[in-house]
Structure formats: structure tokens, C-alpha cells
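Okay, so here's the structure we're looking at.
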Amino acid sequence: MKLNGKTVTTLGTRAAPDDRLLVDGRPLPARTAPLYLIVHKPAGVVTTLNDPEGRATIARLVPRGMPRLFPVGRLDVRSTGLVLLTNDGELAHRLMHPRHHVPRVYRVKVRGTPDAGALARLRRGVRLHDGPAASAAVAIERKLPTKSWLRITVHEGRRHLVRRLCEAVGHPAEKLQRLAIGPLQLGKLPPGACRVLAPGEVRALRHAATRDARVVTPARGQR
């Protein structure tokens, strides 16, 4: 091994980021800098990098020339909205881990209009086939003749969680859009578009991912 043209003979020799390091005469590949991308996933796109069924994937929405990025959580093929892509594995793990209590906000169109009892069940928490789901914040945004738009906040990344919660209280979801992950907002980003996160957004995400659910004050009735 050579460091800046000199053979390294001392164990533990350190190299600076701009040093030239050769191993067996070949330079080590440069470490890819962390990158964070927000994508507005349209319906019909799967949140995977490859799909054996040949469907459009989230990777097709990423500009060419970018490093390999991975989705933080998934949206089902019918759902739309915010997807975070990154090569920062540590941050991705923290955002997904339930102990950090990172909220995910959804706008959901459901059949009918949930009554006070259904809303109370969603807020208390609902027992699903794979265990009880953590309580959710929920509000009715708009009532239509036979449908309603709800805004639902959950703190878990379980598969199809929001759809299963709505189904459990008798109001199946017909449309679902993710609006936010922690402090990161979808905003006015058009469907199919993407953008790189601003440094302030990255700092806010890291801060959100350092919280511990044990310090969160439980809702009334959950103590």
C-alpha cells in the first residue's frame, strides 16, 4: 500500500480525505458523499429499485449520474406522495426505527365518514393481525356525500399500516398520499419530480431521528 507515493510500513497510519492511496497499485474508489433526495411518487410506481414484474420503479424518477440511492420506507403501488431516497444508511435506519418516534403524515380518502367512535379508535390504537398499532392523530379535513378526506399521522413504518387502520374501523382507504416524514414536507413538488434536500432539511431530519420515544409524553388515556 502506498500513501501519496510512499510505501506504508507503519500500522495505523492515517490518511486524510484528499490523500492519494494505492492498494496493489490501484487507487481506492472515492467514498460516495451522503445524498438525500425527495421524490413525489405517482400512482403506478413501485417503491423499489428493481421489479420482477417489469413495473415502473422509483429508480426511474432519479436523474442519471446520481449514486445508488435507497428508499426510506415504502408506499404501495396505488399510493402517492413523499418518498425519501438516500445512501445514508445510518440516518435511514434511525428514521424507520419506532423508538425515534418520527411521524409520518398522510392525506387519505376513505369511504363514508368516520363517526366519533371510529375516530376515537384510531387515536387510541387499533389491534391488527400482526399486533396492536400505535395510536394515531386523525382529523377529518373534508366531507363529501359518500366519502371523506382524513389527515392521519402515525409513528410506525409497518406495511400498509394506514390502509389497514382505516379498514379496521370500517372506512377503507381509496386514495392515500404521504405528505411528510418528520420535518420533511412534500410541499408543491409535482408528481414524478424530485429534488435534492437543502442542508437545513438534512439537519432537521437528523435531529428528528435522534429523539427517543421514551421521552415523548403519552396522549391522555394512554398513560
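Nothing in this text is a laboratory measurement; each read-out follows from the coordinates by a stated rule. Here the structure is a predicted model, which means the values were calculated and not measured. Using ideal geometry, Cβ is built from the backbone for each residue, glycine included, and neighbour counts are taken over all protein chains shown.
Things worth noting here:
- Contour minus Cα-Cα distance for N4 and M96 (0.36 nm per residue): 29.0 nm
- Lys, Arg +1 and Asp, Glu -1 on Cβ, resulting dipole of region 103-181 about Cα centre, debye, nearest 20: 160
- In range of the label at A134: residues from region 65-80 whose backbone nitrogen is under 20 Å from the point 7 Å along Cα→Cβ: 72-76
- Near the amide H of N87, within less than 5 Å, lie the amide hydrogens of L35, F70, all on another chain or at least 5 residues away, with H placed in the peptide plane.
- Value of relative contact order over region 82-160, rounded to a whole percent, pairs C-alpha under 8 Å and six or more apart: 35
- Cα→Cβ-extended label distance, 7 Å offset, between L189 and R203, nm: 2.0
- Across region 70-84, rounded Karplus estimates of 3J(HN,Hα) from the backbone phi angles (6.51 cos²θ - 1.76 cosθ + 1.60, θ = phi - 60°) give 10, x, 9, x, 9, 10, 5, 4, 7, 7, 10, x, 6, 10, 9 Hz, Gly and Pro being marked x.
- If you sort the three axes of the alpha carbon gyration tensor as a ≥ b ≥ c, you get a/c of 1.5 or more for region 113-152 and a/b above b/c, which makes it prolate.
- Taking θ as phi - 60° and the Karplus parameters 6.51, -1.76 and 1.60, the scalar couplings of region 158-163 work out to 5, 4, 6, 4, 5, 4 Hz in sequence order, x denoting glycine and proline.
- In sequence order, calculated HN-Hα J values of region 176-187 (Karplus, 6.51, -1.76, 1.60; Hz; x Gly/Pro): 8, 10, 7, 9, 7, 10, x, x, 7, 10, 5, x
- For S135, the amide hydrogen comes within under 5 Å of no other amide hydrogen, counting only partners 5 or more places away or on other chains and with H modelled in the peptide plane.
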